Amino acid sequence: MSRRLSNHRVWMLAALIVSGVACEREERRLNEPPPQPPVTFVSQSPLQPGPNVVTDTAEGPFDDNAFGTMQGQQLFTQMNCTGCHANGGGAMGPPLMDDEWIYGSNPNQIFASIAEGRANGMPSWKYKLTNEQIWQLVAYVRSLSGLTPKGARPSRDDHMMVKPAPSQTPNAKPKNTGLPGSSQRP
């Protein structure tokens, strides 16, 4: 009986070790302090369209985090960003699914656009959203154009069948061209 009990303990210990080693999940950073905003905020007056230097190494704190990007997708709907950006396809506001970025596609540039707002329509959200929420929106907006890793992109809502899911969007390199072609003067 004693030997049987000993064998049972050995098997239980082995099963516990194997199950602990075999289970690998996405690391969710839920208890981290919220990400800090860019070191300097850009003041409202000098924000003008124009070419920007785009680097491939620029990353926001939630660019590689599926949960943070999904939270940004929910905020996009809750804050009625769809009202101006039409699910990313553009309407009153510029499209977010193309490769033309008026104010830059780097996470810090998008953060500044959301936090500070832009002339001619984009409101400032820095007093309504936390820095963490703005960074989550940045991750979602970047996912619409394929600027985040595919594994971190949210899936498409069924009612949004007019465009491919962000997780299916090919990786892109944005062109910072200044004004979009339709708004340039002849």
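General remarks:
- Residues within region 103-119 that are under 15 Å from LEU129 (Cβ atoms) and in a helix (DSSP H, G or I), tallied: 7
- Residue under evaluation LEU147, criteria (1) under 10 Å from the mean Cα position of the chain (by Cα); (2) modelled with pLDDT under 85; (3) over 13 Å from PRO174 (Cα atoms), criterion not met: (3)
- Test: residue in region 64-84 that is out of contact with any Phe, Trp or Tyr (no Cβ under 7 Å at 6 or more places or on another chain), modelled with pLDDT under 80 and surrounded by 10 or more Cβ atoms within 10 Å (Cβ to Cβ): no
- Any hit, region 123-144, residues being at pLDDT below 85 and at negative phi: no
- Scanning region 164-183 finds no residues that are at pLDDT 90 or above and of a type in the set (Val, Ile, Thr).
The values are calculated or read from the model by the stated rules, or taken from the named source; none is laboratory data. The structure displayed is predicted, hence computed values, not measured ones. All Cβ positions, even for glycine, are placed from backbone atoms using ideal geometry, and neighbour counts span all protein chains on display.
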